[in-house]
Amino acid sequence: MDADYTAFCNISLTAVFCFDILRLDFFQAVFFYMMDKILISNAKMIDGGKHTRADLLVRGGRIARIAEHIDVPAGAVVIPADDLLLSYGFCDLHVHFREPGQEHKETIRTGALAAAHGGYTAVCAMPNLSPAPDSPDHINIECRRIDETAAVEVLPYATLTLGRAGKTPVDMAALKPFAVAFSDDGSGIQTTELMRAIMQQAAREDVIIAAHCEDNSLLHNGYIHDGRYAKTHNHRGICSESEWGQLQRDLQLALETGCRYHACHLSTRESIALMRQYKKLGARVTCETAPHYLVLCEDDLQEEGRFKMNPPLRSADDRAALIEGILDGTIDAIATDHAPHTAEEKKRGLEGSPFGIVGLETAFPILYTQLVKTGTMPLDLLIDLLSRRPRGIFRLPGRLQEGEAADLALFDVDAEYVIDSNNFLSMGKSTPFDGWHVQGKCVLTLKDGRPVFQDKNVINKQLC
């Protein structure tokens, strides 16, 4: 086949992909693909706690230059960013994209588009899949679909146990070339002996365990927090010890084995106290919490499935302890635990609905409005917890520095709007934040210098 014709076909295929993402016509999409230079001018940049005003030049998919002033190169597209915030693309350590196995809830394609809409350029996809990614053959099914359909970087987890059944450890040596980390998320490892064996293998292979801490013997078929709301409304509760009791066991084992251990979606004050204690003891441990645990508690519950997630919304005291853990550095990252389900499934109320809400498209505006604008946390800390720190935990590259991949997100922090789940790019629409008035909107996301999300009402029309 003629080389020029092959190149045109490649451009055309990518153009169709860009058209799908950005809702552009075909010729605009071809222009996007061929665009090699973008100059973002006079942006407010935040990276690693540093605030600067500067120009940033993207060339060949990388950050070519950052300076106070950069002359416009020939052929460059210019984005005036005087009123915009520029961050390195966010990184979410905890998402569920449902493919393969439950594509009626979400696909890698739609999940990645939702990530781009929220300013995320890298996400780590949990292994609650069918087949479970417990072998090279199984995880490669997911990897192929990622390569074919993902607009952003999607990094797959492998399971901790075969079939995610909690009985037999996987072969981490065979899986680590494909997996960002290992988790049985959705299920805790129930026996100390099995978790010790898993951690010993993880220490030998120098891989990360990301643990869902939940002691099944303490659940008693509960589905919301075992607190005031459950008692008042006659619901079965999930006690806090079901989380922190298993976390305590895991932290002690991590200290003994020396493995790298990451605790998922912590929700209780006891868990934060334990993390603080074991970090001081020298354990190689990190943790995350999610936006909903930082801005909601059991007092905000309604009799709807969009308020049901696991762990559940805890008490106001737990929420206060999580915020304290954010401010003193005990909590290392904020992850969304984006977990889409069908509208029909989530119509069944608190008891009958499955656990899980979506979060990629609401994380920044919710946290910016509820925590930054109220003076609870500084903006640079929020950006750090969404971008630099999660990348550091999982040893992923990415900073606002020359030579790095141009994975960037621009935000209009003054934009005020009402969250409407009908506008989500995710197939999942279940969120407790529907109808909330917020401030802060992602207006452009670049992956390797290519636009993967664009708000055409804000970005300079030169991009169109």
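The values are calculated or read from the model by the stated rules, or taken from the named source; none is laboratory data. Everything numeric in this text was worked out from a predicted model, so none of it was measured. Here the Cβ is made from the backbone with ideal geometry for all residues, glycine too, and neighbour counts use every protein chain on show. Note: areas computed on protein heavy atoms with side chains; ligands, DNA, RNA excluded. Shrake-Rupley method; radii C 1.70, N 1.55, O 1.52, S 1.80 Å.
Among the residues in the stretch 72-92, are any touching a Cys at 6+ places or on another chain (Cβ under 6 Å) and not small (Gly, Ala, Ser)?
no
Can you work out which of the residues in the stretch 408-464 that are open to solvent by 70 Å² or more (accessible area, probe 1.4 Å) and at pLDDT below 95 is nearest to residue 57 (Cα to Cα)?
462
So which of 251, 218 is without any contact (Cβ under 8 Å) to a residue 60 or more places away in the chain, more than 18 Å from residue 308 (Cβ to Cβ) and over 25 Å from the mean Cα position of the chain (by Cα)?
218
Identify, please: which residue in the stretch 311-324 is free of Cβ contacts under 8 Å to residues at least 60 places away in the same chain and of a type outside the set (Gly, Ala, Ser) and is, among those, surrounded by the fewest Cβ atoms within 10 Å (Cβ to Cβ)?
Here the answer is 317.
Can you name the residue in the stretch 241-297 that is farther than 11 Å from residue 322 by Cα and among the basic types (Lys, Arg) and is also surrounded by the fewest Cβ atoms within 10 Å (Cβ to Cβ) among such residues?
By that ranking, first place goes to 280.
Can you report the number of residues in the stretch 369-390 which are surrounded by fewer than 20 Cβ atoms within 10 Å (Cβ to Cβ) and either aliphatic (A, V, I, L, M) or under 14 Å from the mean Cα position of the chain (by Cα) (or both)?
Result for the stretch 369-390: 3.
If you take the residues of the stretch 152-164 that are open to solvent by 10 Å² or more (accessible area, probe 1.4 Å) and more than 13 Å from the chain's Cα centre (by Cα), which of them is nearest to residue 91 (Cα to Cα)?
164
So which of 127, 131 ends up being open to solvent by 40 Å² or more (accessible area, probe 1.4 Å) and either in contact with a Ser or Thr (Cβ under 9 Å, 6 or more places away or on another chain) or free of Cβ contacts under 8 Å to residues at least 60 places away in the same chain (or both)?
Checking each option against the conditions leaves just 131.
So which of 288, 270, 324 ends up being closer than 18 Å to residue 362 by Cα and modelled with pLDDT of 95 or more?
Of 288, 270, 324, the one residue that is closer than 18 Å to residue 362 by Cα and modelled with pLDDT of 95 or more is 288.
Among the listed residues 306, 228, which satisfies the condition of being surrounded by fewer than 20 Cβ atoms within 10 Å (Cβ to Cβ), modelled with pLDDT of 95 or more and either of a type in the set (Ser, Thr, Tyr) or within 29 Å of residue 430 (Cα to Cα) (or both)?
Criteria check complete, one pass: 228.
Okay, residues lined up against (1) assigned to a helix (DSSP H, G or I); (2) basic (Lys, Arg); (3) in contact with a helix residue (DSSP H, G or I) (Cβ under 6 Å, 6 or more places away or on another chain):
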position	(1), (2), (3)
244	yes, no, yes
247	yes, no, yes
266	no, no, no
279	yes, yes, no
287	no, no, yes
314	no, yes, no
319	yes, yes, no
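Any idea how many residues of the stretch 79-109 are part of a helix (DSSP H, G or I) and either open to solvent by less than 10 Å² (accessible area, probe 1.4 Å) or hydrophobic (A, V, I, L, M, F, W, C) (or both)?
Selection size over the stretch 79-109: 1.
Looking only at the stretch 137-184, count how many residues are in a helix (DSSP H, G or I) and on the phi > 0 side of the Ramachandran plot.
2
Right, residue 336: of a type in the set (S, T, N, Q), surrounded by 17 or more Cβ atoms within 10 Å (Cβ to Cβ) and outside any loop (DSSP other than H, G, I, E, B) or not?
So residue 336 fails the test.
Is there any pair with a first residue in the stretch 225-243 that is among the aromatic types (Phe, Trp, Tyr) and a second that is part of a helix (DSSP H, G or I) and surrounded by 14 or more Cβ atoms within 10 Å (Cβ to Cβ) whose Cβ atoms are under 6 Å apart and which are 6 or more apart or on different chains, and what are they?
Short answer, once both residue conditions are applied: 229/298.
Residue 70 passes all but one of (1) open to solvent by 20 Å² or more (accessible area, probe 1.4 Å); (2) more than 15 Å from the chain's Cα centre (by Cα); (3) under 30 Å from residue 58 (Cβ atoms); (4) among the hydrophobic types (A, V, I, L, M, F, W, C); which number fails?
Checking residue 70 against (1) open to solvent by 20 Å² or more (accessible area, probe 1.4 Å); (2) more than 15 Å from the chain's Cα centre (by Cα); (3) under 30 Å from residue 58 (Cβ atoms); (4) among the hydrophobic types (A, V, I, L, M, F, W, C), the one that fails is (1).
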